[in-house]
Amino acid sequence: QKEVEQNSGPLSVPEGAIASLNCTYSDRGSQSFFWYRQYSGKSPELIMFIYSNGDKEDGRFTAQLNKASQYVSLLIRDSQPSDSATYLCAVKDGGFKTIFGAGTRLFVKA
Amino acid sequence: SQTIHQWPATLVQPVGSPLSLECTVEGTSNPNLYWYRQAAGRGLQLLFYSVGIGQISSEVPQNLSASRPQDRQFILSSKKLLLSDSGFYLCAWTKTGAQETQYFGPGTRLLVL
């Protein structure tokens, strides 16, 4: 059974701080890695994807991938109250299916 | 650009009634299509996926079924709803390809009473 594990949180950070969200996955054959943000009552929206080891930056967001450790993380710099949401980590193995973690709830305090 | 639609947005149904949820994708052809359910405060549960017209793969045996009568149309159905069918139903699509990103529709919130 392929699994994606996330700490459910809530992770609480003050406004302006760096929020660090972590994810581990079980399948070493995983090829593609995604972070989604889901506001309460809304559908998930893609924030970033990463395919290669290392860091990928997009604005205030940085995704980090370490395939040897089977570990993906998302850093949010200068966190804003509008970043408060559930963040879903997702992994694809090259097949048709995407495996989602249960999500980490982030709360940014103003 | 591609757009994914779902309807209805909200639905309240009695136990034992039938269900039909519809999903359509615009702006692409031959997408892979997916149905997920998300119970309150929980993660995403993959219900069905389809790689082409009439091709349906079921992930979880239950009283739901799916059909894909057209390339960009995906339908989720039930003959008799259970209380446990309540949840947030999400349709998603990807382009064909191993690394393609999955994009979600706005979802249908179903409450079975």
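Throughout, read-outs are computed from the coordinates displayed, never taken from laboratory work. This is a predicted model, so every value here is computed, not measured. As a convention, Cβ positions derive from the backbone with ideal geometry for all residues, glycine included, and neighbour counts pool all protein chains shown.
In debye to the nearest 20, how big a dipole does chain B give about its Cα centre with +1 on each Lys and Arg Cβ and -1 on each Asp and Glu Cβ?
On the way: 8 positive and 6 negative charges, 45 e Å.
The dipole of chain B has a size of about 220 debye.
So if R0 is 25 Å, what FRET efficiency would B:Arg42 and A:Phe107 give, r being the distance between their Cβ atoms, rounded to the nearest 0.05? The computed FRET efficiency comes out at 0.85. For segment B:3-113, the residue among B:Leu33, B:Pro14, B:Leu44 whose Cα projects farthest onto the positive side of the dipole built from Cβ charges is B:Pro14. Once both labels are positioned 7 Å from their Cα atoms along Cα-to-Cβ, the gap between A:Arg77 and A:Glu45 label points is 2.2 nm. Among the residues of A:92-103, the average count of other protein chain beta-carbon atoms within 10 Å of the residue beta-carbon is 5.
Near B:Leu47, within a Cβ-to-Cβ distance under 14 Å, what is the net charge of the other residues, with Lys and Arg +1 and Asp and Glu -1? It works out to a net charge of +2. Split chain B at each of the trypsin sites (Lys or Arg not before Pro) in a DSSP loop with at most 15 other beta carbon atoms within 10 Å, and the longest piece is B:1-41. Taking amide H positions as modeled 1.01 Å from N, with prolines and chain starts lacking one, the residues under 5 Å from A:Leu106 and 5 or more places away or on another chain are A:Leu11, A:Ala85, A:Thr86, A:Tyr87. Given the options A:Ala90, A:Gln64, A:Ser79, identify the residue whose Cα lies farthest towards the positive end of the charge dipole of chain A (+1 on Cβ of Lys, Arg; -1 on Cβ of Asp, Glu). The listed residue farthest towards the positive side: A:Ala90. Put a plus charge on the Cβ of each Lys and Arg, a minus charge on the Cβ of each Asp and Glu, and nothing anywhere else: the dipole of the protein assembly as shown about its Cα centre is then about 360 debye. Taking every DSSP bridge with both residues inside the protein assembly as shown, close to 90 percent are antiparallel.
A simple charge model with +1 on the Cβ of Lys and Arg, -1 on the Cβ of Asp and Glu and nothing else charged puts the dipole of chain A at about 160 debye relative to its Cα centre.
Can you list the chymotrypsin sites (Phe, Trp or Tyr not before Pro) in segment A:22-68 that are in a DSSP coil and have 15 or fewer other beta carbons within 10 angstrom? Intermediate results must be reported in sequence, preceding the final value.
Working: sites: A:Tyr25, A:Phe33, A:Phe34, A:Trp35, A:Tyr36, A:Tyr39, A:Phe49, A:Tyr51, A:Phe61; in loops: A:Tyr39, A:Tyr51.
Counting only loop positions with at most 15 other Cβ atoms within 10 Å, the chymotrypsin sites (Phe, Trp or Tyr not before Pro) in segment A:22-68 are A:Tyr39, A:Tyr51.
Is segment A:34-110 best put as rounded, prolate or oblate by its Cα gyration tensor, with a ≥ b ≥ c the root eigenvalues, rounded for a/c under 1.5, and otherwise prolate when a/b is larger than b/c, oblate when not? Spell out each step's value before the answer.
Numbers: a/c = 2.21, a/b = 1.35, b/c = 1.64.
It is oblate, given that a/c is not under 1.5 and a/b is not larger than b/c.
Can you give me the convex hull volume of the Cα atoms of the protein assembly as shown, divided per residue and expressed in Å³?
Values: hull volume 27.2 nm³, N = 223.
Looking at the protein assembly as shown, the number lands at 122 Å³ per residue.
Note that segment A:77-89 has calculated 3J(HN,Hα) couplings of 8, 6, 4, 10, x, 5, 7, 5, 5, 9, 10, 9, 8 Hz, one per residue in order, obtained from phi through the Karplus relation 6.51 cos²θ - 1.76 cosθ + 1.60 (θ = phi - 60°); glycine and proline are x.
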